[in-house]
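Everything on this sheet refers to the single structure shown next.
Every number in this text was worked out from the coordinates using simple rules, so none of it is lab data. These figures come from a predicted structure and were not determined experimentally. No Cβ is skipped: glycine too gets one built from the backbone with ideal geometry, and neighbour counts run over all protein chains shown.
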Amino acid sequence: MRWRPLMTLRLSTAPTQNLGAGPHGTRVTFPITGGSFEGDRLRGKVLPGGDDWTTKRPDGVVELDLRITLETDDGALIYMTFQGLRDDGAPGAPYFRTAPRFETAEPKYSFLNRLLAVGKGEIRADGPVHVIEELL
Amino acid sequence: MESRLLMTLQVAVVGTQKLGAVPLGTRVIALVGSGHFEGPRLRGKVLPGSGDWTLLRGDGVLELDLRLTLETDDGALIYMTSFGLRHGPPEVIAAIARGASVDPSTYYFRTTPRFETGNPRYAFLNRLLAVSSGDRRPEGPIYTIHEIL
C-alpha cells in the first residue's frame, strides 16, 4: 500500500456526555468545540458543533463515529466523518485508528471526495490528535 | 502508515440487479455467488448470498458497499463489510464495463474492510482496521487486503 500525508488534525473537546449502557455498549459522546488541521494541500480550523459518538463494546474496544465540519483558511467547508477503533489494551501500544471520509462542494478541494484515508490517533493532554494519510 | 498483508480475496460476481436512478445516484447490486480468500493467518471460501451494493454518484465516482460472509477452512464464520471508491479515466472505466482486462494501476479502486466474528480464534479481526486495493477482473474483483498496524 502506498500513502501520502493528508493532514494532522487536532481537536478540542468539551466534557463528555456519559449516556451509560445502551444496547451496543457504553455510549460516551465527545462534543467537539474546535480545533485545527494542517497539511500540504489544506489547512484551517474545525468548527464547533461536531461530535464523536463512541461506544465501548463488551470486548473492551471503543468504536468511534465522528462527524465534524472543517473550514479551510480560504473559506471552503468540508464535512468529515470517520469510523474507527480504539483498543487501549492492544499488545504493545494502544491501537487507535480511523478511516476518515470527506465531502465538499468546493472544486479546489474536490479531490477529497475521491479518496480513502486512514488516521493514526493519539490522546494528548490538550485533546485528540489524528495524523491522517491518503490511501494512494 | 504501516500495514501488513491480511489476505487476498477473490469473489465471483454471478449477476447484477440494475435499479436505475435512485435519489443518490445509479444503484447496481452485484450478487456474489462464491469466492475464496487466503492469507498467512486465515483462508477459506466466500459463502453465497453476499453482494456489493454499488452506487454511481453524480461526480462519476462509484461507491462500493460490499457485504460478505467468509467461512474459514476450520469452520468459523466471519462477516465482512467494505466501503470503497472506484473511479478513473472515462476510457478505463468504459473498458471495465465492457468486461476487458484492465491494468489496476490505471484507476483508483480502494476499500476499507471491517470484520466481525464470534469465533475466538479469529477475534483479532474484530480489533483491526484494514484497507484494500482492488483489481476488477472480468470474472470478478480481487482485493489485496492489508491490516493497518
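Hey, could you check segment A:114-136 for residues that are of a type in the set (Gly, Ala, Ser) and surrounded by fewer than 18 Cβ atoms within 10 Å (Cβ to Cβ) and say which is nearest to the other protein chains (Cβ to nearest Cβ)?
Per the criteria, the residue is A:Gly127.
Take the residues in segment A:10-35 that are more than 15 Å from A:Arg86 (Cβ to Cβ) and among the hydrophobic types (A, V, I, L, M, F, W, C); name whichever of them is surrounded by the most Cβ atoms within 10 Å (Cβ to Cβ).
Filtering segment A:10-35 for residues that are more than 15 Å from A:Arg86 (Cβ to Cβ) and among the hydrophobic types (A, V, I, L, M, F, W, C), the one surrounded by the most Cβ atoms within 10 Å (Cβ to Cβ) comes out as A:Ile32.
Given (1) closer than 26 Å to B:Leu24 by Cβ; (2) surrounded by 17 or more Cβ atoms within 10 Å (Cβ to Cβ), identify the lone condition not met by B:Val46.
In the conditions (1) closer than 26 Å to B:Leu24 by Cβ; (2) surrounded by 17 or more Cβ atoms within 10 Å (Cβ to Cβ), B:Val46 misses (1) alone.
Among what's in segment A:94-113 and is facing chain B (nearest Cβ under 10 Å) and farther than 18 Å from A:Arg67 by Cα, pick the residue that is farthest from the chain's Cα centre (by Cα).
Going through the qualifying residues, I end up with A:Ser110.
Tell me whether segment A:99-120 contains one or more residues that are over 30 Å from B:Leu62 (Cα atoms), in contact (Cβ under 8 Å) with a residue 12 or more places away in the chain and in a loop (DSSP other than H, G, I, E, B). First the steps, then the outcome.
Quick first cut of segment A:99-120, residues over 30 Å from B:Leu62 (Cα atoms) only: none.
No.
Which residue is nearest to the other protein chains (Cβ to nearest Cβ), if the candidates are limited to segment B:115-149 and must be basic (Lys, Arg) and closer than 21 Å to B:Asp52 by Cα? Outline the logic, then answer.
Of segment B:115-149, the ones basic (Lys, Arg) are B:121, B:127, B:136-137.
From what's left, closer than 21 Å to B:Asp52 by Cα: B:136-137.
Details: B:Arg136: 16, B:Arg137: 20 Å.
Among them, the one singled out is B:Arg136.
Does any residue in segment A:25-44 that is touching a residue at least 24 places away in the same chain (Cβ under 8 Å) come within less than 9 Å, Cβ to Cβ, of a residue that is surrounded by fewer than 15 Cβ atoms within 10 Å (Cβ to Cβ) and aliphatic (A, V, I, L, M) six or more places away or on a different chain, and which pairs are these?
Close Cβ pairs (under 9 Å, with a partner that is surrounded by fewer than 15 Cβ atoms within 10 Å (Cβ to Cβ) and aliphatic (A, V, I, L, M)) amount to A:Thr26/A:Leu19; A:Arg27/A:Leu19; A:Arg27/A:Ala21; A:Val28/A:Leu19; A:Thr29/A:Leu19; A:Phe30/A:Ala14; A:Ile32/A:Ala14.
What number of residues within segment A:51-91 are in a loop (DSSP other than H, G, I, E, B), within 14 Å of another protein chain (Cβ to nearest Cβ) and surrounded by 15 or more Cβ atoms within 10 Å (Cβ to Cβ)? Break it down stepwise before answering.
First, pick out the residues of segment A:51-91 that are in a loop (DSSP other than H, G, I, E, B): A:57-61, A:73-76, A:88-91.
Filter once more, keeping what is within 14 Å of another protein chain (Cβ to nearest Cβ): A:57-61, A:88-91.
Checking which are surrounded by 15 or more Cβ atoms within 10 Å (Cβ to Cβ) leaves us with A:57, A:61, A:90.
Residues that pass the stated criteria total 3.
So, in segment B:15-42, exactly how many residues are within 20 Å of B:Arg137 (Cβ to Cβ) and touching a residue at least 24 places away in the same chain (Cβ under 8 Å)?
Residues of segment B:15-42 that are within 20 Å of B:Arg137 (Cβ to Cβ), as a first pass: B:15-16, B:28-39.
Imposing the further condition that a residue be touching a residue at least 24 places away in the same chain (Cβ under 8 Å) reduces the set to B:28-30, B:32, B:35-39.
Summing the residues that are within 20 Å of B:Arg137 (Cβ to Cβ) and touching a residue at least 24 places away in the same chain (Cβ under 8 Å) in segment B:15-42 gives 9.
Which residues, taken from segment B:42-86, are touching a Ser or Thr at 6+ places or on another chain (Cβ under 6 Å), within 14 Å of chain A (Cβ to nearest Cβ) and farther than 17 Å from A:Glu103 by Cα?
If the condition is that a residue be touching a Ser or Thr at 6+ places or on another chain (Cβ under 6 Å), within 14 Å of chain A (Cβ to nearest Cβ) and farther than 17 Å from A:Glu103 by Cα, then B:Leu66, B:Ser82 are the ones that fit.
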